[in-house]
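Taken together, the values in this text are just the output of simple stated rules run on the coordinates, not laboratory data. Quantities reported herein were computed from a predicted structural model and do not represent experimental measurements. Quick reminder, even Gly has a Cβ in these numbers, built from the backbone with ideal geometry, and neighbours come from all protein chains shown.
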Amino acid sequence: MEWKTRVTELLGCKYPILQGAFAGFGTWQFAVAAAEAGAHGIITASTSRTPEKLREDIRRCRDATDGSFGVNLTIGPTSLRAEEMLEVCIGEGVQVETAAYKPDALAPRIKEAGLTWVHKTARVKDALHAERLGADAVIVVGLEGTGFKNPEQLPTMTTTIWGTRVLKVPFIAAGGIGDAHGFLGALG
């Protein structure tokens, strides 16, 4: 079966599935494995630790797969040189996923560079904010997902129904999707 969705068209992946960004083990090798399986792989910039290493990791990933991949830049107090990491992504022409906090400081540079940009957050209202800033797609992580949390976070299927009704850009559900039934539900 050939999948044709707004997400597959935007990111160039075979399936509308994105690898999560995993601090500590979101390596280029992991991104290659996801991309080779037809998903959209993600290199986690904080795992690369330095801009120089991120550039090397992007190039290794590109050499190892023709599949779709990008780089996650988590924004916040524990971010490792997000602005410098973004400049590497721009130089390498790779898709960017910002995550966690408001992407306001990075958004103008991402848009100016013409990169495909996905923003990941825990709340629909923050996804709407990213859409207004020019994000090409948004991910909302439901309460069942791992990673950052917010006291206003809702379960995945609640955010999926709400998000698909109010957002104009492609909406990507995350969290608590563990089998084919949940996957089909997330496709809404």
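Between A113 and D179, what is the FRET efficiency for a Förster distance of 35 Å, r being their Cβ-Cβ separation, to the nearest 0.05?
0.40
I want the local charge near V166. Using Cβ-Cβ distances under 15 Å, sum +1 for each Lys or Arg and -1 for each Asp or Glu among the other residues.
Every neighbour counted, the sum reads +3.
Output the pairs from K4/K102; K4/K111; K14/K149; K4/K53; K14/K120; K53/K125 with a Cα-Cα distance over 28 Å in this structure; if there are none, say none. Before the final figure, lay out the partial values.
Details: K4/K102 30 Å; K4/K111 25 Å; K14/K149 30 Å; K4/K53 34 Å; K14/K120 21 Å; K53/K125 34 Å.
Long pairs (Cα-Cα over 28 Å): K4/K102; K14/K149; K4/K53; K53/K125.
How long are the semi-axes of the equivalent ellipsoid of region 126-188, defined as square roots of 5 times the Cα gyration tensor eigenvalues? Whole Å, largest first.
19, 14, 9
Please compute the length gained on full extension between Y101 and R62, using 0.36 nm multiplied by the number of residues separating them and subtracting their Cα-Cα distance. Don't skip to the answer; put the middle values down first.
Details: separation 39, 0.36 × 39 = 14.04 nm, distance 2.81 nm.
Gain on extension, Y101 to R62, equals 11.2 nm.
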